Amino acid sequence: MHPAPVAQAANPLEDAAAERAPVLQRLRKAGLRPTIARIGIYQVIAGAKPFGLSADEVYQRMLLRGTHASASTVYRVIREFDEHGLVSSVWDESRKAVYLVKPAEPQSSVLLIGCSRTGQLVAIDDADLHARLVAAARRFGLEIEGRELLVRA
């Protein structure tokens, strides 16, 4: 009789490398050099899915995870991400910008739903719902451009 195979323990270094690989690819594809700050900031924003984060919240989470980046670095990197199409920015009810990672697939249609009472923002990637809302808006004479649609309730 053969002994049962022993399950291998998860290697935290391999797990971290697997998590970073798509981030590195997205940054390089956008023409950005993958620095520690860029990787960390991207991971923090992506980790907040489906909710968005303000730049101050990104900075606070960077501190909590032990990745040193100044507030000005966080703001600069988020601005770069926005300029290169990696994140979406939406103004919440308190006039604060909230950032969400854009889907990697260009044909993806994102619906952003914001709560006017709490200011919370949720991103939903549902092409059928997005198409129905765009069609409804067109019936009322609105021409909606782009892949992102913001609904406030």
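The values are calculated or read from the model by the stated rules, or taken from the named source; none is laboratory data. Small disclaimer: the values here were computed from a predicted structure and weren't measured. Here Cβ is always computed from backbone atoms with ideal geometry, including for glycine, and neighbour counts include all displayed protein chains. Accessible surface areas use protein heavy atoms only, side chains included; no ligands, DNA or RNA. Shrake-Rupley method; radii C 1.70, N 1.55, O 1.52, S 1.80 Å.
Residue by residue through the range 56-72, note down the ones that are over 12 Å from the mean Cα position of the chain (by Cα) and either open to solvent by less than 30 Å² (accessible area, probe 1.4 Å) or on the phi > 0 side of the Ramachandran plot (or both).
Listed by number, the residues that qualify are 62, 66, 67, 69.
Has the range 91-106 got at least one residue that is open to solvent by less than 10 Å² (accessible area, probe 1.4 Å), aliphatic (A, V, I, L, M) and assigned to a loop (DSSP other than H, G, I, E, B)?
Scanning the range 91-106, I find no residue that is open to solvent by less than 10 Å² (accessible area, probe 1.4 Å), aliphatic (A, V, I, L, M) and assigned to a loop (DSSP other than H, G, I, E, B), so the answer is no.
Would you confirm, using the coordinates I've provided, whether residue 88 is among the hydroxyl-bearing types (Ser, Thr, Tyr), at pLDDT 75 or above and in contact with a Lys or Arg (Cβ under 7 Å, 6 or more places away or on another chain)?
yes
What is the number of the single condition among (1) surrounded by 15 or more Cβ atoms within 10 Å (Cβ to Cβ); (2) free of Cβ contacts under 8 Å to residues at least 40 places away in the same chain; (3) within 16 Å of residue 120 (Cβ to Cβ) that residue 53 does not meet?
(2)
Of all residues in the range 31-47, which are touching a residue at least 40 places away in the same chain (Cβ under 8 Å), outside any helix (DSSP H, G or I) and surrounded by 13 or more Cβ atoms within 10 Å (Cβ to Cβ)?
Passing the criteria: only 32.
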